[in-house]
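Here the structure is laid out as structure tokens; the discussion comes afterwards.
The values are calculated or read from the model by the stated rules, or taken from the named source; none is laboratory data. A quick note: this is a predicted structure, and the numbers were derived from the prediction, not measured. FYI the Cβ positions are ideal-geometry reconstructions off the backbone, even for glycines, and counts take in every protein chain you see. To get the accessible areas, we keep the full protein, side chains included, count just its heavy atoms, and leave off ligands, DNA and RNA. Shrake-Rupley method; radii C 1.70, N 1.55, O 1.52, S 1.80 Å.
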Amino acid sequence: MRESSNPVMRGVVRSNQGPGGYAGFGAGAAGAGQAAQWNQQAGQPQADPYARPGQPAGSRTLTIDDVVTKTAATLGVLILSAALSYYFTSVNESLAMPLMLVGALGGLALVLVATFGRKQDNPAIVLSYAVLEGLFVGTISYVFANWVVAGDVSAGALIGQAVLGTFGVFGGMLIVYKTGAIRVTPRFTRMIFAGLIGVLVLILGNLIIGFFNGGSGLGLRDGGPIAIIFSLVCIALAAFSFLIDFDAADQLIRSGAPSKAAWGIALGLTVTLVWLYVEILRLLSYFNSD
């Protein structure tokens, strides 16, 4: 099974993959009918012949409806938290930095716990991440829309464009995946993963160099031509990451993963959506700044 370039999604796939793939198919299902007959003759409840080994009796396998509902719930919590964060920041602008730091660092910590602790399917962690990341999204939206851009630019219009662009890219890449216009192959996955590592190295390098040259760093975030190109590269990587995440989710569904894996998929998609939204918002602020 191909692994996603998204570290959260990679963990979901690994944690639901057994030594022989997903059970319930192939050798594990051969003779399931005979076993069911024996159970019936013995008066015992019939076991699900398509259940994964170790999967609790009566538990459901993952469906597309599970993915949609869990992702919608996660995004709903994030949007509500972001709206509240935006409102409180607008009332008291001194809250901007504390809320942004709490949201960013807290969200990062939960993603690390979920990824390395193999707890991506824990709804409490996923929804807590949505709350914390909502604090970050709401606050950074206020900062970009009210402090960074020119005074005559409507904050609501700027944020609305970023939201529309984010879900437009998400929907467009879903269509691209469903139509097979771009095939997700191991080589494609490796290329995207390498690109993500490269972006992370550049961001860290920009931050470190910025400490020594007055904050400008490598010019990746100063609004100039290099910053615009860098944001476009980040947007492209986030968009292509959706294809790999869709493929990983599709394989989990077809392989009979347990329904709780939908929370891990929701977490992975939300992480990418937040990154995409922030990069689009940042790019729009470049074109609308003084």
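Restricting to segment 59-91, count the residues that are surrounded by 20 or more Cβ atoms within 10 Å (Cβ to Cβ), closer than 28 Å to L174 by Cα and of a type in the set (V, I, T).
Step one: of segment 59-91, the residues surrounded by 20 or more Cβ atoms within 10 Å (Cβ to Cβ) are 61-62, 66-67, 70-71, 74, 78, 81-82, 85-86, 89.
Now drop any that are not closer than 28 Å to L174 by Cα, which leaves 61-62, 66-67, 70-71, 74, 78, 81-82.
Applying the additional criterion that residues be of a type in the set (V, I, T) yields 61, 67, 71, 74.
Counting residues in segment 59-91 that are surrounded by 20 or more Cβ atoms within 10 Å (Cβ to Cβ), closer than 28 Å to L174 by Cα and of a type in the set (V, I, T) gives 4.
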- request: Please enumerate the residues belonging to segment 235-244 that are without any contact (Cβ under 8 Å) to a residue 24 or more places away in the chain and either crowded, with 21+ Cβ neighbours inside 10 Å or touching a strand residue (DSSP E or B) at 6+ places or on another chain (Cβ under 6 Å) (or both).
  value: none
message: Of the conditions (1) touching a residue at least 12 places away in the same chain (Cβ under 8 Å); (2) closer than 21 Å to V77 by Cβ; (3) not basic (K, R), V149 satisfies every one except a single condition; which number is it?
response: (2)
- line: Given the conditions (1) among the small types (G, A, S); (2) in contact with a strand residue (DSSP E or B) (Cβ under 6 Å, 6 or more places away or on another chain); (3) at pLDDT 95 or above, every one holds for G256 apart from (3)
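Per-residue answers, yes or no, for (1) buried (at least 20 other Cβ atoms within 10 Å of the Cβ); (2) assigned to a helix (DSSP H, G or I):
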residue: L200; (1), (2): no, yes
residue: I208; (1), (2): no, yes
residue: N213; (1), (2): no, no
residue: L218; (1), (2): no, no
residue: F230; (1), (2): yes, yes
residue: V233; (1), (2): no, yes
residue: F246; (1), (2): yes, yes
- prompt: Among all residue pairs at least 6 apart or on different chains, which show Cβ distances below 6 Å where the first residue, located in segment 262-286, is touching a residue at least 24 places away in the same chain (Cβ under 8 Å) and under 13 Å from A130 (Cα atoms) and the second is surrounded by fewer than 23 Cβ atoms within 10 Å (Cβ to Cβ) and of a type outside the set (A, V, I, L, M)?
  reply: W263/P123; A266/T71; L269/T71
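May I ask you to list the residues in segment 129-148 that are under 20 Å from the mean Cα position of the chain (by Cα) and open to solvent by 30 Å² or more (accessible area, probe 1.4 Å)? Give the steps one after another, and end with the answer.
Going residue by residue through segment 129-148, those that are under 20 Å from the mean Cα position of the chain (by Cα) are 129-141.
Correct list: V131, L132, L135, F136.
Which of the residues spanning segment 92-128 are outside any helix (DSSP H, G or I) and either open to solvent by less than 70 Å² (accessible area, probe 1.4 Å) or in contact (Cβ under 8 Å) with a residue 40 or more places away in the chain (or both)?
N92, G117, R118, Q120, D121, N122
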- prompt: Taking segment 149-193 as the search range and keeping residues that are open to solvent by 60 Å² or more (accessible area, probe 1.4 Å) and among the small types (G, A, S), which one is farthest from L273 (Cα to Cα)?
  reply: G151
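Could you identify the single residue in R183, R187 that is over 25 Å from V77 (Cβ atoms) and assigned to a loop (DSSP other than H, G, I, E, B)?
Of the residues listed, the single one that is over 25 Å from V77 (Cβ atoms) and assigned to a loop (DSSP other than H, G, I, E, B) is R183.
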